[in-house]
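Written out below as structure tokens is the structure these notes cover.
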Amino acid sequence: MNGKGSAQRASLYGMLIALAFVLSYIETLIPISLGIPGVKLGLANLVTMTGLYTIGIKGTVIISFIRILLVGFTFSNLFAVFYSLGGLILSLLVMYICKKYRLLGTVGVSIMGGVAHNIGQICVAAFVVKQAGVFFYLPLLLVAGTVAGLFIGILGNMMIERIHHYLRKMQ
């Protein structure tokens, strides 16, 4: 890759990491109480979704991992990093498969990602607390993941279109 392409890629990655960081901060300001600890809108997952459709899986993994580390150690703690990584791994895997095999559209991929993210986190929680009782929260988490995934999918579609437009202009 030539120097110009490398610089453009680095700037795009930097922009996506910064956006995810800012969205994570905004999310800390929005109180959501559904009776389950850790339920959030998943605004930073907007960047994950957008990255999957604009820069591919490798770049999205890098950006998501950096985001989780930065956000985890800035706004929360080491346990939150582990929960987020559990959610990220399952979510990205499910979204990648759905996208690659064109099983669903962007909004459907996002919904599956939101649901998978919550399943991944609840599995980490069960492992950490060594209690299967945490799966009691799963039905509500599935609903929350579906609603958040729908919201993120709609916004993600808009971002994906704009980034594709930006990338076409740069070529």
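The numbers here are math on the coordinates, done by the rules we state, and not lab data. These numbers come from a predicted model, not from an experiment. Cβ placement follows ideal geometry from the backbone for every residue including glycine, while neighbour counts extend to all protein chains displayed.
Model label sites at Arg102 and Lys58, defined 7 Å from Cα along the beta-carbon direction, differ in position by 2.4 nm. Relative to the dominant Cα principal axis of the chain, helix 138-170 is inclined by about 10°.
Estimated from helical segments only, the mean residue ellipticity of the chain at 222 nm is -28000 deg cm²/dmol, where each DSSP H run of four or more residues counts as -39500 (n - 2.57). Under the simplified labelling scheme, the Leu142-Lys130 pair shows an inter-label distance of 2.9 nm, with each label point 7 Å from Cα along Cα→Cβ. Between Phe65 and Leu29, the contour length at 0.36 nm per residue exceeds the Cα-Cα span by 10.7 nm.
Diffusion coefficient (Stokes-Einstein, Kirkwood radius over C-alpha pairs, 25 °C, 0.890 mPa s) for the chain: 150 µm²/s, rounded to a whole number. Return the single residue from Val115, Val129, Val47 with maximal mean-square fluctuation; model: Gaussian network over the chain, springs between Cα atoms under 10 Å. Evaluated over the chain, the most mobile residue of the options is Val129.
The length gained on full extension between Arg162 and Ser76, counted as 0.36 nm times the residue separation minus their Cα-Cα distance, comes to 27.8 nm.
Charged neighbours of Glu27, selected by a Cβ distance under 15 Å, balance to +2 (K, R count +1; D, E count -1).
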